[in-house]
Amino acid sequence: MTRYNKFQNQKTEVNGITFDSKLEADRFQQLKLMELAGEITNLRLQVEFQIFQGYINPDTGEKTKSSNYVGDFMYTDIHEHKVIVEDTKGIETPDFKLKWKLVQSQYPQYEFRKVTRDDV
């Protein structure tokens, strides 16, 4: 039985790794080929970036959790001499849009790219 999530993404396994969507799995295969060709290096998956530090309100004791953005892929582009963080996206939720803006503003040393089905 094929299992879909609320966005109709189909979990897909490639090389023993389970991806949240076929798009993400397809992009992984492209990036692996680019790595073998020497176009990129240091390919990493599911890289986490903190965008908001949790804290405890000293007056009320109320806890606020940290918030993180997790990029699907991170790698170094040999030709552009840049570290790229990619997110494969079919649907952009309001939560994603906010985190996307925050992570870009807090980590300017990286180039952030959205990858859609048209890109793969």
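Every read-out reported here was derived from the displayed coordinates using simple, explicitly stated rules and does not represent laboratory data. The model shown is predicted, which means the values in this text are computed figures rather than measured ones. A quick note on method: Cβ atoms are made from the backbone with ideal geometry, for glycine too, and the neighbour counts reach across all protein chains shown.
Which count do you get for residues in the range 109-120 that are closer than 19 Å to Asn42 by Cβ and outside any strand (DSSP E or B)?
Taking the range 109-120 and keeping what is closer than 19 Å to Asn42 by Cβ, we get 109-113, 115.
Narrowing further to those that are outside any strand (DSSP E or B): 109-110.
Here the count works out to 2.
I'm told His79 meets every condition in (1) farther than 25 Å from Lys114 by Cβ; (2) over 21 Å from the mean Cα position of the chain (by Cα) except one. Can you identify the failing condition by its number?
(1)
Among the strands (runs of 3 or more DSSP E) contained in the range 23-99, which hold 1 or more residues that are touching a residue at least 40 places away in the same chain (Cβ under 8 Å), closer than 23 Å to Gln10 by Cβ and of a type in the set (Phe, Trp, Tyr)?
Strands (runs of 3 or more DSSP E) meeting the threshold: 67-77.
I'd like the residue in the range 45-64 that is of a type outside the set (Val, Ile, Thr) and surrounded by 12 or more Cβ atoms within 10 Å (Cβ to Cβ) and, out of all such residues, is nearest to the chain's Cα centre (by Cα).
Only one residue fits best here, namely Gln46.
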